[in-house]
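The values are calculated or read from the model by the stated rules, or taken from the named source; none is laboratory data. Quick caveat, the model's predicted, so the values are computed rather than measured. FYI the Cβ positions are ideal-geometry reconstructions off the backbone, even for glycines, and counts take in every protein chain you see. When the accessible area is computed, the model is the full protein with side chains, heavy atoms only, and any ligands, DNA or RNA have been set aside. Shrake-Rupley method; radii C 1.70, N 1.55, O 1.52, S 1.80 Å.
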Amino acid sequence: QVRLVESGGGLVQPGGSLSVSCAASGLLFRVYTMGWYRQAPGKQRELVADISTDGKTNHADSVKGRFTISRDNNKNTVTLQMNSLKPEDTAVYYCTADVARTILSSPKEHWGQGTQVTVSS
């Protein structure tokens with residue numbers, strides 16, 4: 001069983017900073033692309049950022065220049081540093097990871113349980 005456990009999140013004022021982290025654990029051979037999605041009330045889930053095993057990143061246009069994704073391959077963790085937060089960044093943030101459980105397995109997508117980020121004064 002593969003588990004993605006998120007931490008961080010919470011309430012922050014507009015213009016503030018916050019980070020969310022996610023750790024993959026359990027029966028896993030290799031973790032490939034890791035990323036963060038978010039879903040605001042009444043809206044579809046959207047990709048925020050993702051990062052490949054070799055560190056290549058992809059950030060949504062709405063967060064470019066404000067959010068930065070990073071990972072630690074030794075610890076199988078991914079972190080999203082969020083700066084200059086806006087009320088429209090309010091959402092549940094979900095961690096994802098493509099994980100191969102054994103050397104013979106193809107990678108499959110796994111999701112965390114989500115963590116709330118609220119930007120409000």
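Side notes on the structure shown:
- Which listed residue is surrounded by fewer than 20 Cβ atoms within 10 Å (Cβ to Cβ) and within 13 Å of the chain's Cα centre (by Cα), from 11, 47: 47
- Evaluated against (1) out of contact with any strand residue (DSSP E or B) (no Cβ under 9 Å at 6 or more places or on another chain); (2) farther than 26 Å from residue 121 by Cα; (3) polar (S, T, N, Q), residue 44 falls short on exactly one condition, (2).
- Residue match in the stretch 93-105 (condition: over 21 Å from residue 18 (Cα atoms), open to solvent by less than 40 Å² (accessible area, probe 1.4 Å) and out of contact with any Ser or Thr (no Cβ under 8 Å at 6 or more places or on another chain)): yes
- Matching residues in the stretch 50-92 - criterion: being open to solvent by 30 Å² or more (accessible area, probe 1.4 Å), β-branched (Val, Ile, Thr) and farther than 22 Å from residue 32 by Cα: 90, 92
- Taking the stretch 1-120 and the strands (runs of 3 or more DSSP E) fully enclosed by it, the elements with 2 or more residues that are among the acidic types (Asp, Glu) are at 46-51.
- Whether a residue is over 22 Å from residue 26 (Cα atoms) and out of contact with any helix residue (DSSP H, G or I) (no Cβ under 6 Å at 6 or more places or on another chain) was assessed, and residue 69 passes this test.
- Among the residues making up the stretch 35-61, those that are touching a residue at least 12 places away in the same chain (Cβ under 8 Å) and small (Gly, Ala, Ser) are 35, 40, 49, 52, 55, 60.
- The residues of the stretch 14-41 that are crowded, with 16+ Cβ neighbours inside 10 Å and more than 19 Å from residue 72 (Cα to Cα) amount to a single one, 38.
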